[in-house]
Amino acid sequence: MRRAKKPSTSTATRKAAGAAILAWEDDPQSGGKPIKRPVPRLARVPLALTITAAAVPAKVYRPGTREFRYWAAAEALRRGADFWGGLLPRGTSWQPGRTLRVTLDAGVDLNAYYDRHGLSFFHDTVGRITVYSGESPDVLCHELGHAVLDALRPELWDAMSVEVAAFHESFGDLSALLAGLQLPSLRRAVLSETGARIGRSSRLSRLAEQLGWALRQILPGSAEPDCLRNAVNPFFYRAPETLPPSGPASSLTAEPHSFSRVFTGGWFEALAGMLASRGSSPTEADLGQVSLDAGRLLVDAIPAAPIVADYLSQVAAHLIESEAVLFRGQYRDALKSALVRRGILSLQAASVVPGPGTATRARQPRGATLAGGSTETHTRRLSLSADQFGLEGRALVVEAPGEVRRFEVASAAEGLGSRTAPPPEQDARRFVEYLFRRGRVDLGAHGRAETRIAHPFARKTHQLVPQAADFALVRRTFDCGFDPTS
Ligand SMILES: [Zn+2]
C-alpha cells in the first residue's frame, strides 16, 4: 500500500505552519462545535484539490461567515482526500484531471453534485435560515466520494443499473463516515455517545442533518426525521424491480439514494462488528484502525467486482474475499453476518464464497483475457428503441451491466433462498425507463415537441448525445437526489 509523499515545504507553507483554522467535524447541525485544525494544503498530492473562489487568508473566522465556510470546506475535503489518497493504488488520479475543482457556492439551490469537471455546491434560504451545502463535511465528503469512486472504477459512471447507481451513492456516504472517523475528537465523541457500540444511531451515523432539515421543510418525508440519511437503518435487501420509483424516506424505493441505504446499513453494521471484534471496550485508536481497515477492504474489492445487475452481491462477495487476503479472517464473521442479515448476500451465497487460495488465484486483472480467449468487456453496449420515450425512429445506445461474474453469488429473495438476477438488457431497460419517467434525462432540443416528455422542472443527471442517427444516453452528474417540483 502506498503512502502519500510528504510535500516539499514552500515559504508559504512554512509561514502557515502552526497556524490554525476552524472547521466542523461532521455537519453544522450535528450538535458538535467547530474545532481548531491545522491549515489544510488543498494542492497536496495525491488527489489535489482547488477551490475556484478567491483564496481566503488562513485564520480563525467566526462561524456564519464566508471565510469560515471556505476553510471548513477546505479542511473537510482535504481530510477526505488524504484518507482515500493513502489507500488508492499508485497512479490513481481524478477523472477530470490532476486537480479536482471545487465550486463552493454555484448559486441558489438545495443541491450538490459531482460531474466529470468537479464538485459543485449551492445555497438556499429556507424559512429564514440560509443553508450552504458546501459547509457540511458530510455533504462535501459524500460528493468527494463520488469523485474517488469514479477514479477507482470509472466504468460505473455510465452503467445503466439501479444497483450500480445506488452503490455510487452508498460509497459517497461511506466516504463521509470514514472521513469523519479520521478525527480523533469525533471518534471519542461517538464512542462516548454510543457506549462504544457504534452500530447505534449517533452523530456519526446521521448524515447531513442540516440539508435533511432544509429538504423536510420543503417536502415533508423527503429526508429522514433526524438527518438526510442515517447509516443505522432497518432496510433489508429487496429486488429493485419490485420497488416503486419514488416514495417517502421512510420506505425503500428504487431511487438510487433511497436504495443505497441497504448497502450503507449493511456496511455500517459490519463496521460496528469489526470494532466489536477487537474487544469489549474498544478505544479511540481501535476505531481509527478499523476505519482504515474498512477503507482498505473497499479499495481492494471494488476494482475486482464485475458490473452486473445484482452488483451489490458481487461487491459483498469481493469484500469477503479481500478480507481473507488482507486480514486472514480477523473480520470475516463481522462482515459476513452483516451482509447476510441485510440480504445483500443470500445465506446460500455467503456459505460458498471461497476463502484465500483459490480466490486469490482466480482474481483477474481488469481487461484480462478470460479462459476461452474472449476478452472481458466492462459493460455491454446495448441499443434500445427510443420510440416509447417520444423519440420515434431513433435508438438509444446505453451501457448494460454485462461483465463476466467471478463469484456465482446472489442477494436474498424475499421468501426463501436467493434472488435470480435479471439479464443485463432487462436491468438496463428498467433503469432507462426510470430515468425518463422521473425526468432525469436532458433531451436538449431533440425529439418532436408533440411526442417528447421533457420534464422541464426535474433535475437532470443524464443527457442525450447524438451518435450518427441515434443517441447515446450518458451520465452527466451524481447529484444529491432531491427531486424538486416547486
Ligand atoms: Zn450522491
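Values in this text are rule-based calculations from the coordinates and carry no lab data. It should be emphasised that the depicted structure is a prediction, and the values quoted were computed from it without experimental measurement. FYI the Cβ positions are ideal-geometry reconstructions off the backbone, even for glycines, and counts take in every protein chain you see.
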Item to check | Principal semi-axes in Å for region 225-271 [√(5λ), Cα gyration tensor, largest first] | outcome: 17, 13, 7
Checklist entry - Any idea what log10 I(q)/I(0) is at q = 0.19 Å⁻¹ for region 197-319, Debye with uniform C-alpha scatterers and no solvent? => result -1.13
Checklist outcome for this item: Extension length gain for Ser251 and Val45 (0.36 nm per residue less Cα distance), in nm, is 70.0 nm
Item to check | For region 252-295, convex hull volume per residue from C-alpha positions, Å³ | outcome: 72
Checklist entry - Taking H as built 1.01 Å from N, whose amide H comes closer than 5 Å to the amide H of Ala472, not counting residues under 5 places away? => result Val397, Val465, Gln467
Checklist outcome for this item: Under the 7 Å Cα-to-Cβ spin-label approximation, Arg200 and Asp226 lie apart by a distance in nanometres of 1.0
Checklist outcome for this item: Here the gain from full extension of Glu450 to Gln388, 0.36 nm per residue of separation minus their alpha-carbon distance, amounts to 21.0 nm
Next on the checklist: Please list, in order, the residues from region 196-219 whose amide nitrogen is less than 16 Å from a point placed 7 Å along the Cα→Cβ vector of Gln330.
Outcome noted: none
Checklist outcome for this item: Neighbours of Glu163 by Cβ distance under 9 Å: Lys/Arg at +1, Asp/Glu at -1, summed charge -2
Checklist entry - For the chain, what proportion of DSSP beta bridges, expressed in % and rounded to the nearest 5, is antiparallel? => result 70
Checklist entry - Cβ under 10 Å from Ser222's Cβ, Ser222 left aside: what net charge do those residues give with Lys, Arg +1 and Asp, Glu -1? => result -1
Item to check | Leading residue at positive end of dipole, the chain (Cβ point charges), from Ser385, Leu22, Val308 | outcome: Leu22
Next on the checklist: Assuming 0.36 nm per residue, please report the length gained on full extension of the stretch Arg101 to Asp158 beyond their Cα-Cα distance.
Outcome noted: 18.4 nm
Checklist entry - Long-range amide H contacts for Leu345: which residues qualify at under 5 Å (H placed 1.01 Å from N, peptide plane, sequence gap of 5 or more or a different chain)? => result Val340, Ala412
Item to check | Euclidean distance of C-alpha centroids, region 412-437 and region 198-219, integer Å | outcome: 29
Checklist entry - Taking the Cβ of Val409 as the center, what net charge do the other residues with Cβ under 13 Å away carry, scoring Lys and Arg +1 and Asp and Glu -1? => result +1
Checklist outcome for this item: Rg/Rh over Cα atoms for the chain, Kirkwood Rh, comes to 0.95
Item to check | Rounded FRET efficiency, nearest 0.05, which uses the C-beta distance separating Val60 from Thr420 and R0 of 60 Å | outcome: 0.55
Item to check | Highest-first arrangement of 143-151, 110-118, 448-456, where packing means the average Cβ count within 10 Å | outcome: 143-151, 110-118, 448-456
Item to check | Lysine pairs within region 13-362, Cα separation less than 21 Å, 8 or more sequence positions apart or different chains | outcome: 4
Checklist entry - Can you give the convex hull volume per residue for the Cα atoms of region 380-479, as a whole number of Å³? => result 131
Next on the checklist: Can you give me the convex hull volume of the Cα atoms of region 153-228, divided per residue and expressed in Å³?
Outcome noted: 122
Item to check | Stokes-Einstein diffusion coefficient of region 81-233, Kirkwood radius over Cα pairs, 4 °C, 1.567 mPa s, in µm²/s | outcome: 79
